[in-house]
Protein chains: 2
Amino acid sequence: MAAGNDAEVTSKAHRPRIVILGGGFGGVYAAMHLERLRRGRDDFDIALVNSENYFVFQPMLPEVISGSIGILDTVSPLRRLLPRTQLYIRDVVSIDVINKSVVLSQGFRPRPHVLAYDHLILALGTVTDFRTMPGLHEHALPFKNLADALHLRNHLIHVLEEAAIETDTELRRQLLTFVVAGGGFSGVEVAAELNDFVRRIAKEFSAIDPPEIRVVLLHSGSAILDRELTKELSTYAGKMLEKRKVEIRLKSRLRTATPDSAVLETGERIPTKTLVSTVPSLPNPLIDSLQLPKEKGKLKTTEYLNVPDVDSIWALGDCALVQNPSGDGFAPPTAQHAIRQGNVVATNIVAALRGQKKRSYSFEGLGKMGSLGYRSAVAELFGGIKLSGLLAWLLWRTVYWWKLPGLDRKLKVGLAWFLDLLIPPELVQVKLASSQGITQSHFEPGESVFRQGDLGDSLYIILRGEADVIREENGSERALARLHGGQFFGEMALMNQKTRNATVKCVSAMDVLVLRKGDFRALVSNLPDFRASFESVAKQRSESAPSVSAKDNPG
Amino acid sequence: MAAGNDAEVTSKAHRPRIVILGGGFGGVYAAMHLERLRRGRDDFDIALVNSENYFVFQPMLPEVISGSIGILDTVSPLRRLLPRTQLYIRDVVSIDVINKSVVLSQGFRPRPHVLAYDHLILALGTVTDFRTMPGLHEHALPFKNLADALHLRNHLIHVLEEAAIETDTELRRQLLTFVVAGGGFSGVEVAAELNDFVRRIAKEFSAIDPPEIRVVLLHSGSAILDRELTKELSTYAGKMLEKRKVEIRLKSRLRTATPDSAVLETGERIPTKTLVSTVPSLPNPLIDSLQLPKEKGKLKTTEYLNVPDVDSIWALGDCALVQNPSGDGFAPPTAQHAIRQGNVVATNIVAALRGQKKRSYSFEGLGKMGSLGYRSAVAELFGGIKLSGLLAWLLWRTVYWWKLPGLDRKLKVGLAWFLDLLIPPELVQVKLASSQGITQSHFEPGESVFRQGDLGDSLYIILRGEADVIREENGSERALARLHGGQFFGEMALMNQKTRNATVKCVSAMDVLVLRKGDFRALVSNLPDFRASFESVAKQRSESAPSVSAKDNPG
């Protein structure tokens, strides 16, 4: 997108400006180090762009689910970490490598904001992007940032509240089954915390029987954490989770998802209202759009961490491919590497500005750790030391507590961990604004979009697939019509404020656009053409298929 | 709405069921007292319906804004307060007095849920309803529940982040002006906490100059808290707030609001992006719909707190009109009264079930207190004792800390207050899912819906009012067309992905329906009739008004 004459332009001052894109470990530590290296205000400007005003301390994010630490304790305000950096809490829209500028999204006024740079640090990480997987985009919960963690937490409390008053056994089973996809560190930690939390708070729901709860972890490999740890520790982790009643499904891959189930590649459907997916991690689309040398979707880098042949662009963290100093393989996408890469990039940019010698990246890693929930963890340290259980968990807490930026956060997390020993977990469901608007939904063959007798709350437009309209009468089913792509259904109940007079059941996999009642009504009452088109289709339907009267339309 | 055969019905068990609607002070204390009076499981069932799974300790809610207590510390999970009560975390759709049942909203499955009762306790409180005030519904922030408090907090951080990078002086002024409407306890406490918070955190924004910040409190009376306190204390409160730089505007009433300003009844416009309104408190629409004796929108009650001539329905708290024992006036809508009314209702229902003698309501009130923010408060106690300043503030904290239900909450709030002395306030903006969908917006004469050069992010449909389409060229303005109710505009930029090629400026007060880009595109690409209607109107426009070519349509 080109920024026209009307854009707000923050052009360069007389001093150089270093712009950092991304506020994860890499971006934040680069900015911190730049602040340290700067000789006063006139040396250079540091600007950091991030869509949130806080830095997420990723290793502790799963603890937000169980509430063993406070909701905000795992994140730190960027402004407080980086007092000498100019913050732009905006999205990055595009990067112009030729003109050395970045276009940011609009604020309160719908104008783009253009930011010129002398040096650009790309620390954009990866994104959990479900767009490539039909059904997941619509029905799986991601787990990447604070909002995801909060959303998941609230959702868990919500399904338990509903299960406690639900009388339908099928729906009850869906509500009490929790599926996590991905057996890497992230998926394992989420499954462990989710399992701990759900089982702990379920005790306070007298109407829920603990054996009704199922937590399923799906993993495509032959053991969880098989890519991250040695066989011994990976086996230990698996046993530990199983002991806590997590069902581990190995060599299982998610194919798609619907409002009612997780569908595996084998075709098996696990009925659930809660599917969390920590895969796939895809390159940030911005990185994808750059005309710079890449491999596997990541930016290539020199040993100094700039992009080859481009002196003004630097890359680090999960969006960069950084060769190990030994020449053997690449640095893994972990915090310890991103932090040290941030320091090297900061040092080298300042060296470039001052005409000094650059430093090459030479960090080999300290080891790996993963939490397994309540008082258990696994760790594989540099030098071949392996730890598991309580000792590994204590190490995990000590190391990450130490690394947590800011004294206030250290204090708060320490206190929260202490309180967690004394008082039961948080049970409050903070209902966030439910995102309305027009959404998409995916269904598999045999599933119902709605059932006869349901309240009419949405209109559906078929994007792909077919469905049957079925009327249930006196215990028998009668097919009234078949619906195809491009058709819509469900308008009758919305216009008449009645319950559904038929069931719509998919005969193939089906994708639909969902327009909610309030939105439908607003359009119907204010756009005469919109209303006319619904009325004329209803009329057409009744004329072209006499067996399906207007009354029989699935309303 | 009648519940058909398809509803999920939770019918009565063989024992009586008491259903409580509302989880505020009245409903919760009634349930607590019923739990205490119950002689084992077979005595009677207690069910409570509330739309959230927590009880809000209203007096401390304003502290969530400044983050001096944790986000969740001011609320308590109902399940933990009421272990022997069946909870329905649903909305109440309707009440059927004849058949003694209540219809609840749908859960995951779109079916209504019917709950039969023997005794019904109405504790529904009031609602802050802006629907009667055009503009406020769309552009004012309410302050009633936890979500409102969180939303306001995030909004405050958001406007400061934006002000820090905004170069346009007019927009900057809007961003840094905060308006609170309503000079009762609620409005005063919100204004005080908001003022403290904004001024404290603004210190960390080097680009914001403290004198740029304006906090305005609007009140229709001749002194703030004039209805609640004596003249002396009300004057003290006003002086205290003014000392802290809150601008108090007396005898000022809000008429309407737009995206850019709060509009007073005098016609004066205060440019702002933050308008909080604690007025008007209206009766809950459910109470409105009941065929029971009412006065001023509140349910009449006998001295035993049942509805006159209806033995099975009881009312208390803000939705009930409870006569003072002295016969002089009615009980004010405060927590101390609701709590005691809850106890009386519980006692009397159990008395009715057991054929015992009922108790009449005889509480006269203990006094009134209001916080004025950082270390200051006012209190007027029973017996004519008046306190202000630090002493009143210490009393305020002591009393409310003592009343806070649950030991875990007491512990958490105590610690949070202690930490607040040591560490700076929370600066994290938790971005909640922005509610999308089709919304409404209100504009006053002379205001622009969008300006030439803006990014096109929405389509607008005029519900009421008129606007001019203005093209700016070489510094002069040319009116291209006048738009009226029923017409839509803004589609061009959405279809072509370009910036707006004209400004749309209101000539009268105007209400529009706003359809966002994503939703517009989804409909245009999947509903051929919808697309055709936009194309045909664009064509019509260019034919009927040759001077306004299709190119000139405000896109």
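The values are calculated or read from the model by the stated rules, or taken from the named source; none is laboratory data. Bear in mind the structure is a predicted one, so any value in this text is a computation, not a measurement. Cβ coordinates were reconstructed from backbone atoms using ideal geometry, including for glycine residues, and neighbour counts include every protein chain displayed. Just the protein is used for accessible areas: all its heavy atoms, side chains included, with ligands, DNA and RNA removed. Shrake-Rupley method; radii C 1.70, N 1.55, O 1.52, S 1.80 Å.
Determine if the stretch B:360-376 includes at least one residue that is open to solvent by 30 Å² or more (accessible area, probe 1.4 Å) and part of a strand (DSSP E or B).
Start the filter on the stretch B:360-376 by keeping residues that are open to solvent by 30 Å² or more (accessible area, probe 1.4 Å), which leaves B:360, B:362-364, B:366, B:368-369, B:374-375.
Adding the requirement that they be part of a strand (DSSP E or B) leaves B:368-369.
Checked against the condition, which is being open to solvent by 30 Å² or more (accessible area, probe 1.4 Å) and part of a strand (DSSP E or B), the stretch B:360-376 yields at least one hit.
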Worksheet item: Any idea which of A:HIS137, A:HIS151 is assigned to a helix (DSSP H, G or I), under 26 Å from B:ALA147 (Cβ atoms), open to solvent by 10 Å² or more (accessible area, probe 1.4 Å) and within 14 Å of chain B (Cβ to nearest Cβ)?
Response: A:HIS151
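Test B:VAL179 against the criterion of being crowded, with 24+ Cβ neighbours inside 10 Å and outside any helix (DSSP H, G or I), and give yes or no.
Working: crowded, with 24+ Cβ neighbours inside 10 Å: yes; outside any helix (DSSP H, G or I): yes.
Yes, satisfied.
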Fill in: Identity of the residue in the stretch A:9-29, at pLDDT 95 or above and more than 29 Å from A:LEU394 (Cα to Cα), that ends up nearest to the chain's Cα centre (by Cα)
A:GLY22
Fill in: Tally of residues being of a type outside the set (Ser, Thr, Tyr) and either open to solvent by less than 40 Å² (accessible area, probe 1.4 Å) or touching an Asp or Glu at 6+ places or on another chain (Cβ under 7 Å) (or both) across the stretch B:274-307
14
Discussion item. I'm checking my understanding of the structure. Among residues of the stretch A:476-490 that are touching a strand residue (DSSP E or B) at 6+ places or on another chain (Cβ under 8 Å) and more than 22 Å from A:ALA532 (Cα to Cα), which one is least open to solvent (accessible area, probe 1.4 Å)?
Written reply: A:LEU480
Worksheet item: Looking at the stretch A:182-220, which of its residues are among the polar types (S, T, N, Q), open to solvent by 10 Å² or more (accessible area, probe 1.4 Å) and closer than 17 Å to A:SER371 by Cβ?
Response: A:SER186
Worksheet entry | Check on B:ALA116, more than 11 Å from chain A (Cβ to nearest Cβ) and under 24 Å from B:ILE313 (Cα atoms) | yes
Practice prompt. Among residues belonging to the stretch B:491-516 that are away from chain A (no Cβ under 12 Å) and open to solvent by 10 Å² or more (accessible area, probe 1.4 Å), point out the one that is farthest from B:SER476 (Cα to Cα).
Written response: B:MET495
Worksheet item: Got a sec? Which of B:ILE46, B:ILE65 is over 26 Å from the mean Cα position of the chain (by Cα) and open to solvent by less than 10 Å² (accessible area, probe 1.4 Å)?
Response: B:ILE46
Worksheet entry | Within the stretch A:94-144, tally of residues that are in contact (Cβ under 8 Å) with a residue 60 or more places away in the chain and either in contact with a Lys or Arg (Cβ under 7 Å, 6 or more places away or on another chain) or among the aliphatic types (A, V, I, L, M) (or both) | 22
Response to the item:
Within the stretch A:232-262, residues crowded, with 20+ Cβ neighbours inside 10 Å and assigned to a strand (DSSP E or B) come out as A:VAL246, A:ILE248, A:LEU254, A:THR256, A:ALA257, A:SER261, A:ALA262
Item to complete: Scan the stretch B:25-40 for residues that are in contact (Cβ under 8 Å) with a residue 24 or more places away in the chain and outside any helix (DSSP H, G or I) and report the count.
Response: 1
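Might you check whether a residue that is within 29 Å of B:ILE69 (Cβ to Cβ) and away from chain B (no Cβ under 11 Å) occurs anywhere in the stretch A:381-398?
First, the residues of the stretch A:381-398 that are within 29 Å of B:ILE69 (Cβ to Cβ): A:397-398.
Now drop any that are not away from chain B (no Cβ under 11 Å), which leaves A:397-398.
For the stretch A:381-398, residues within 29 Å of B:ILE69 (Cβ to Cβ) and away from chain B (no Cβ under 11 Å): present.
Among the listed residues B:ALA123, B:ALA163, identify the single one that is farther than 18 Å from A:ILE89 by Cβ and crowded, with 20+ Cβ neighbours inside 10 Å. Step through it out loud before you land on a result.
Working: B:ALA163 fails: farther than 18 Å from A:ILE89 by Cβ.
Just one listed residue meets the conditions, B:ALA123.
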Fill in: Residues (at the interface with chain B (Cβ under 10 Å from one of its Cβ atoms) and on the phi > 0 side of the Ramachandran plot) located in the stretch A:72-108
none
Worksheet entry | A:LEU391, sole failed condition from (1) surrounded by fewer than 16 Cβ atoms within 10 Å (Cβ to Cβ); (2) touching a helix residue (DSSP H, G or I) at 6+ places or on another chain (Cβ under 8 Å); (3) within 29 Å of A:GLU242 (Cβ to Cβ) | (2)
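Does B:ALA379 satisfy the criteria of being touching a Leu at 6+ places or on another chain (Cβ under 6 Å), crowded, with 21+ Cβ neighbours inside 10 Å and among the small types (Gly, Ala, Ser)? Write out each step before concluding.
On the way: touching a Leu at 6+ places or on another chain (Cβ under 6 Å): yes; crowded, with 21+ Cβ neighbours inside 10 Å: yes; among the small types (Gly, Ala, Ser): yes.
Answer is yes for this residue.
Per-residue answers, yes or no, for (1) part of a strand (DSSP E or B); (2) at negative phi; (3) of a type in the set (Val, Ile, Thr); (4) at pLDDT 95 or above:
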{"site": "B:ILE270", "(1), (2), (3), (4)": "yes, yes, yes, yes"}
{"site": "B:LEU275", "(1), (2), (3), (4)": "yes, yes, no, yes"}
{"site": "B:ILE287", "(1), (2), (3), (4)": "no, yes, yes, no"}
{"site": "B:LEU299", "(1), (2), (3), (4)": "yes, yes, no, yes"}
{"site": "B:THR302", "(1), (2), (3), (4)": "no, yes, yes, yes"}
{"site": "B:ASP328", "(1), (2), (3), (4)": "no, yes, no, no"}
{"site": "B:GLN336", "(1), (2), (3), (4)": "no, yes, no, no"}
Worksheet entry | Lone unmet requirement of (1) open to solvent by 70 Å² or more (accessible area, probe 1.4 Å); (2) part of a helix (DSSP H, G or I) for A:THR266 | (2)
